[in-house]
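**Q** Handing you a structure now.
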Amino acid sequence: SCWMAHNNMGVSLAGRGRTDEAVAHYQEVLRLKPDFAETYNNLGFILAAQGKNEEAISRYMEALRLNPALAEVHNNIGFILAGQGKAEKAITHYSEALRLKPDFPEAHGNLGSALAGQGKVEEAITHYREALRIKPEMEKVHNALGIALATLGRRDEAIQHFREALRIAPNYPDAGKNLRITLGSSLNGQ
């Protein structure tokens, strides 16, 4: 179908960083098929990447109005809310994403970060581990899990996860810094 071709073209262009062209194709989709929820999600994602958070959220809410079962949209809304410091609301959206799609590694990782930010470190660790069980190659989740384990004094485990983050992404500065700090503190016996 014509509108689906426009949607696929939009996704392809957005993936290559050609966002203005992608948006033009998405707008054409919505002209031809105004009730296609995924396109509102795609537009929201581009707007969020441009820092237009309120516009992004309005597109996401439109996507959910059309299709309340889109786990990705809840994850995307949660990510914006977390960035705005609205942790409780973010957690609500991440939890809904996981209710709809329990094997959603990004939502587990994001929920872990939101919980860790509230000091709920054990809960955070559970979600980080679940994210990595589903998708082991997430360097940011390995790094976040390392930080959570280190705060609980579980240094050896933390070091393993920082090393794993660096194996996946050798030029990941946060993981390198965290590994050095954690190694240093265990050498000094603190």
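The values are calculated or read from the model by the stated rules, or taken from the named source; none is laboratory data. Worth saying up front: this structure is predicted, and the values here are computed from it rather than measured. Cβ coordinates were reconstructed from backbone atoms using ideal geometry, including for glycine residues, and neighbour counts include every protein chain displayed. Side chains are part of the model used for accessible areas, which takes the heavy atoms of the whole protein and leaves out ligands, DNA and RNA. Shrake-Rupley method; radii C 1.70, N 1.55, O 1.52, S 1.80 Å.
**Q** Name the one entry in Gly44, Gly51 that is closer than 20 Å to Phe79 by Cβ and free of Cβ contacts under 8 Å to residues at least 12 places away in the same chain.
**A** Details: Gly44 fails: free of Cβ contacts under 8 Å to residues at least 12 places away in the same chain.
Within the list Gly44, Gly51, the selection yields Gly51.
**Q** Is there any pair linking a residue in the range 9-36 that is closer than 17 Å to Val73 by Cβ to one that is part of a loop (DSSP other than H, G, I, E, B) and aromatic (Phe, Trp, Tyr), with Cβ under 8 Å and at least six apart or on different chains, and which?
**A** Val29/Phe36; Leu30/Phe36
**Q** In the range 91-135, which residues are polar (S, T, N, Q) and in a helix (DSSP H, G or I)? Spell out the reasoning first.
**A** If we filter the range 91-135 for residues that are polar (S, T, N, Q), which is where we start, we get 92, 95, 110, 113, 118, 126.
If the condition is that a residue be polar (S, T, N, Q) and in a helix (DSSP H, G or I), then Thr92, Ser95, Asn110, Ser113, Thr126 are the ones that fit.
**Q** Name the pairs whose Cβ atoms lie under 6 Å apart, with the first residue in the range 133-147 and in contact (Cβ under 8 Å) with a residue 24 or more places away in the chain, the second among the charged types (D, E, K, R), and 6 or more positions between them or separate chains?
**A** Short answer, once both residue conditions are applied: Ile134/Asp103; His142/Glu164; Asn143/Asp174.
**Q** With the condition being among the acidic types (Asp, Glu), surrounded by fewer than 17 Cβ atoms within 10 Å (Cβ to Cβ) and modelled with pLDDT of 95 or more, I'd like the helices (runs of 4 or more DSSP H) fully within the range 1-74 carrying at least 2 qualifying residues.
**A** Values: elements: 2-15, 19-32, 37-49, 53-66.
Because the criterion is at least 2 residues that are among the acidic types (Asp, Glu), surrounded by fewer than 17 Cβ atoms within 10 Å (Cβ to Cβ) and modelled with pLDDT of 95 or more, the helices (runs of 4 or more DSSP H) in the range 1-74 that meet it are 53-66.
**Q** Pull up the range 108-128, narrow it to residues that are more than 15 Å from Asn75 (Cβ to Cβ) and in contact with a Ser or Thr (Cβ under 8 Å, 6 or more places away or on another chain), then point me to the one that is least open to solvent (accessible area, probe 1.4 Å).
**A** Of everything passing the filter in the range 108-128, Ala124 is least open to solvent (accessible area, probe 1.4 Å).
**Q** Using the structure shown, decide if Ala131 is touching a His at 6+ places or on another chain (Cβ under 8 Å), open to solvent by less than 50 Å² (accessible area, probe 1.4 Å), of a type in the set (A, V, I, L, M, F, W, C) and farther than 23 Å from Ile57 by Cβ. Talk me through it step by step, then tell me what you get.
**A** Values: touching a His at 6+ places or on another chain (Cβ under 8 Å): yes; open to solvent by less than 50 Å² (accessible area, probe 1.4 Å): yes; of a type in the set (A, V, I, L, M, F, W, C): yes; farther than 23 Å from Ile57 by Cβ: yes.
When the stated conditions are applied, Ala131 passes them.
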